[in-house]
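Asks: Dumping the structure here so I can ask a few things about it.
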Amino acid sequence: MQVFFILNDGQEKIVEAQAGATLLDVISENGIPVIGVCSGSGVCASCQVKIAPESAPSVQPPSNQELDVLEMFQADDGVRLACQVTLTEQNDGLRVILL
Ligand code: FES
């Protein structure tokens, strides 16, 4: 599947991804400038990204633990922890905005 990352300068980077990978896996494998300080444990919130509104319905909802972390860091609507978003076949064409 393809995932589209909208970079801070407005450019798009299109990468290939596999179902079962997390967004942070895809980010790390493709040199996208997002850091996962806690290596995907879901506690540091350094890997925040925003799911584009048109893509939000295809993404699995956050767990209670992820919601707690997002709330603690006062994340805006649509923001997710990249390490906690596991891709499924429904995510082909997913659009992710870097913060
Ligand atoms: S890498 Fe720390 S919360 Fe995602």
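Each reported figure results from applying straightforward, stated rules to the coordinates on display, with no laboratory input. The shown structure was predicted, so the numbers you read here are calculated from the model rather than taken from an experiment. Positions of Cβ are generated from backbone atoms using ideal geometry, with glycine treated the same way; all protein chains shown enter the neighbour counts.
Asks: Build a GNM of the chain with springs between Cα atoms under 10 Å: which of Val59, Val79, Val49 gets the top mean-square fluctuation?
Replies: Highest fluctuation of the listed residues: Val59.
Asks: Assuming R0 = 25 Å, can you tell me the calculated FRET efficiency for the pair Glu54 and Gln18, based on Cβ-Cβ distance, to the nearest 0.05?
Replies: 0.70
Asks: If you don't mind, another one. Which are the unpartnered cysteines of the chain, meaning those with no other cysteine Cβ under 4.7 Å from their Cβ?
Replies: Lacking a cysteine Cβ partner under 4.7 Å: Cys47, Cys83.
Asks: Using only C-alpha positions, report the orientation-averaged shadow area of the convex hull of region 2-98, nm², one decimal.
Replies: Result: 5.5 nm².
Asks: A further question on this structure: What is the order of Asp76, Asp25, Asp68, Asp9, fewest Cβ neighbours within 10 Å to most?
Replies: Asp9, Asp76, Asp68, Asp25
Asks: What distance in nm separates the two pseudo spin-label positions at Ser41 and Asp9, each 7 Å out from Cα along the beta-carbon direction?
Replies: Each label point is offset 7 Å from its Cα along the Cβ direction, giving 3.5 nm.
Asks: Further, regarding this structure: Quick one: work out the % antiparallel among DSSP beta bridges in the chain, nearest 5.
Replies: 75
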